[in-house]
1. Quick one: dipole size for segment 3-112, taken about the Cα centre, charges +1 on Lys/Arg Cβ and -1 on Asp/Glu Cβ, in debye to the nearest 20.
2. Among Val49, Val86, what is the fewest-to-most ranking by other Cβ atoms within 10 Å?
3. For a label point 7 Å from the Cα of Ala13 along Cα→C-beta, name the residues of segment 23-65 whose backbone N is under 14 Å from it.
4. Taking the highest mean first, how do the peptides 22-32, 96-106 order by number of other beta carbon atoms within 10 angstrom per residue?
5. For each of Ile92, Ile8, count neighbouring Cβ atoms within 10 Å of the residue's Cβ, then give the residues from fewest to most.
6. Given that compact globular proteins tend to follow 2.2 N^0.38 Å, what is the ratio of the alpha-carbon Rg of segment 14-116 to that value?
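Read-outs: derived from the displayed coordinates by stated rules, not from any lab. Since we're looking at a predicted model, the values are computed, not measured. Note that each Cβ is placed from the backbone with ideal geometry, even for glycine, and that neighbours are counted across all protein chains shown.
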Amino acid sequence: MGRLTSHILDTAAGRPAAGMHWVLYRLDGARTQVASGQTNSDGRNDEPVLKGEALVPGVYEFQFDAAGYFRQCGVELPEPPFLGEVVVRFGIADSSAHYHVPLLVSPYGYSTYRGS
């Protein structure tokens with residue numbers, strides 16, 4: 001059974017990004033919200049973001065509230081912040097596979113990749 005997971009690390013503080021809000025959209029001619037949540041103390045979700053029949057091939061977009069997270073942590077950000085929302089667009093080709101989308105983020109940069 002396929003599944004989609006994510007893990008967010010605060011590279012500025014060297015710890016998991018606990019409490020970061022996110023929204024997942026499916027892009028299939030329209031931008032449709034399919035899931036939303038907030039990371040736990042380990043910077044992960046308690047359950048897969050999508051799994052089973054909910055995980056269908058297509059193009060998806062994670063929207064991570066980076067500025068909200070950093071402000072919640074007491075980081076002073078300019079207005080507007082350099083990174084308000086971090087958007088990661090990716091494709092799912094095989095609904096039976098495990099897709100892991102890690103995000104390494106600081107107030108001024110981020111990176112992502114397909115994890116395992």
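1. It comes to approximately 120 debye.
2. With the sparsest Cβ surroundings first, the list reads Val86, Val49.
3. What the label zone holds, given the 14 Å backbone N cut-off, is 39-44.
4. 96-106, 22-32
5. Taking fewest neighbouring Cβ atoms as first place, the list is Ile92, Ile8.
6. Its radius of gyration relative to the 2.2 N^0.38 Å reference: 1.10.
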